[in-house]
Every structure is written in structure tokens, then in C-alpha cells.
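A short reminder: the numbers here are calculations on the coordinates, not readings from a lab. Being a predicted model, the structure only gives us computed values, none of them experimental. With ideal geometry, Cβ positions are generated from the backbone for all residues, glycine too; neighbour counts draw on all protein chains shown.
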Amino acid sequence: MTDDEYTLLVDEHYASLYRFALSLARNASDACDLTQQTFYIWATRGSALRDGAKAKSWLFTTLYREYLRTRRRDERHSSIEETPEDAEALVEPGPDLVARIDAGVLMDALSRIEEAFRVPLVLFYLEALSYREIAEALGVPVGTVMSRLSRAKGLLRAALAALKGAGEVLPFESEEGRKSMP
Amino acid sequence: MNNQEAKFRLSAYRPSGDDASDPAMNEALEQARRDPALGAWLERERGFDAAVAAKLSGVTPPPGLRAAILSGSRVSARRQWWRSPAWMALAACLAVVAGGGLFALRLRSGGVPDGLVALALQDMVHGHHEGLTAALEPFQKPLASPSAALDRGMPFDSSKLGAADCRSLSFHGHKVFELCFLRGGLVFHLYVMPLEGSRASGPVYSTADGLSTAAWTDASHAYVLATKLGISALEKVIQGS
């Protein structure tokens, strides 16, 4: 891979990878580390990948595995997985609400969803991977991805409605909290 | 396929429409065209999905992340050949020889403990390196400076490596810290072993089967700098450029 090709690869994917990492790690500093580490692993191993078309899927898969490898055991897992089914049906935040909220509030809502649902949902909304590629990245059947996406969207609506109801408008992380890079 | 199954499939239909050519999606989309209720549901769903996707794309990476990535791994991407199975096999043989003492003897250098260079070479091949991390930035950043000449002293306090949770290896019961860093876009690995009562020696350069090392000591530490880029690259780091 030439320098130019590598730069193109980074330009094409680093922002989406960072967003995915942020949804996993829930803080900018760790998300930066995960993103950098993913490209570092690519530099040492991934660039041997013969099928360049699979680079994107490889990067997302690697980032997710790296996250699983490095996350702390005592990490707090806030979850609204136990939200009653009918509670999801009662709340219907539409596109207008989503358009009005801060991106940080969306990240906050996403962070309240259990990881098993949050991961495919974020990959879906990043639009970088198809549902088949998401299944491959997570090592689960295609049907499981569809099922989790269906459920996760309900959970996201519930989380957004809960935040709206509670008047929570605090951003996911302040700009000041973001890691300053060299 | 009933509407429930169609909704199940369409939940995975990206708002960008990139999945339109997928046969499973095509079938569900066709059903949504025929069934007004399902069509209306899909329209609402896609509106919500598009809004969330747009909002998510508004999350911007911190300034400097791109530059950090590009400077962090550009060159190693060109040099992945040494990770080939043939090289790994060769390196495994090298490690066996090192275990027998012959390799340590060949690379013996001044006050540097026998076997330390072999340990570094083995770790270069088999170790799981942490790469560039925020926690180690106070050490990695000064090492990356072209003006830092390592033979005139380390540009950081080596005694703080342990407190920074730097990756370490065990060597005859002693800790050896390992740091990856970049200089001019090239990857180097520095191994630092606290060594009380040491005397200044070296550096001694060696090359074995494609890996080059420089080993030296100061009054309190032994160092091995390793790379796959040759002795001339090591010299530039040791002497500054």
C-alpha cells in the first residue's frame, strides 16, 4: 500500500471509526486511542489484506475486537434493556425531535442502550456497513442483527423520549473534555 | 412474507438506500410498495433513521486525530513484509538459538546484560505492542523529536515508566519496559531496563536476520533500541538528526 493509498484509507474511514469508538468507549480520549490503535494494527497486519474492498469491514471489526480486549472489567454498564415493551410503543420521537437535539444528546441516548444492541445500531446508523457486514463483524447471524436492530431502534426512541422528558440537554461530552492530540 | 417479517428485514435497511440491491431487502421493499400501511411505516422509519444518521455524522473527531493517525502508522504499513509466515518461522528459530545462549554471546555488548538484546528481538516478533497511547505520550512524544539524541540521555524520566503503566517484560526477575515510538514516520521499539550501579557503555550496533539493535547503558539503565529499518536508521535516532 502506498502512502497515498494509506492516506485515502484514513480519510475515508477515520471519522466513522472514531464515532463508532466513541459509542463504545463513551469518552473522547479512549475513542481516539481506539481509532489510532485500529490504524496501528492495520499498519502492522491489516495492510496484508488481499481484498482491498474488505478494508472497511476489517477496520470496524478490528476496532470492536480491540475495544473488547481493552475494556475494563469494572466498566459501568448503564442499560435500559429492561424498558417495558409498551413503554417503547408509547413514545414516538420523530425525525423533527432528532433534528433539533444536540449530537451529544444523541450519543448520550445511545450510551444508555445495552451494548449488545448499541453496537449493531451504531454501525447501522454510520451506514458504513451493510447488515450482512455487521453480522460478520460481530460474529453473529444475519437474523440476530435484524432482530437487534429492530429492538435497538425502540430502545433508542425510549431513551430519547426519556431524555426529552427529563429535560436533559447536557452534551455527551464537552468540547473541553476532548483529548488534545499532538 | 407477511408485514411483520417485512418490517423485521426493513429495520436493517440503511437510510442511504445502499441496500436496495440486496435480494432480501428488494422483496421487502416490493411488499411495502404494494401495501400502503407498510409503506407508511417504512416512510416514518426511514425519516427517523435518516435523522439519526445525519445527527451521528455531526459528531466530529477531535482536531489532530487524523494527523496523529497518519504520522503514527504510515511507514509500518509499507513494511509489513517482516510479519510474513516465513519471517515468523525464522524468528522462532532465532528465539530458540537465543535460548541456548549462542545468540546472546554473539550480541554481547559492554555493560548490557547478556540476553537483553535477544529478549528485545524476540519481543519484536512475538510481542503484543500497545502502540501509541495517551498514557505514554509523555514518553513517546519526546522520543519522536528529531533533535533528541539518545546517546546524550533519555528525553524523559525513565524512572516514571512503571508509574505510567508502561508495558513491561520479565527478564531474569527484572522488569524491562517497552515503548513503541515514531521518528520521521518510522517505527522504533525501545527497551528500558533499570540497572543499579551500571556504568556508561556503548552503543553497540548489531543486525541479525533483518532486525537491527543498538544496545547501551548509562549510570542507571540498560537500553536496547530495535528496528527493522537497519543500523543507519538507529544511528540517526541515537545521535539525533
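Quick one: what Rg and Dmax do you get for the stretch B:3-57 from the alpha carbons, in Å?
Rg then Dmax for the stretch B:3-57, in Å: 10.9, 33.
Taking the highest mean first, how do the peptides B:4-15, B:164-175 order by number of other beta carbon atoms within 10 angstrom per residue?
Taking the mean over residues of other Cβ atoms within 10 Å, the ranking is B:4-15, B:164-175.
Hey, which lysines would be in cross-link range of A:Lys153, C-alpha to C-alpha under 25 Å, not counting anything within fewer than 8 residues on its own chain?
A:Lys56, A:Lys164, B:Lys7, B:Lys55
Among the lysines, which have Cα under 21 Å from the Cα of B:Lys160 when same-chain residues fewer than 8 positions away are ignored?
Excluding near neighbours in sequence, the set is B:Lys141, B:Lys175.
Restricting to Cα pairs below 8 Å that are 6+ residues apart, what does the relative contact order work out to for the stretch B:3-57? Please round to a whole percent.
39
Residues with amide H under 5 Å of B:Leu169's amide H, sequence separation 5 or more or different chain, H placed in the peptide plane at 1.01 Å from N; which?
B:Val176, B:Phe177, B:Glu178
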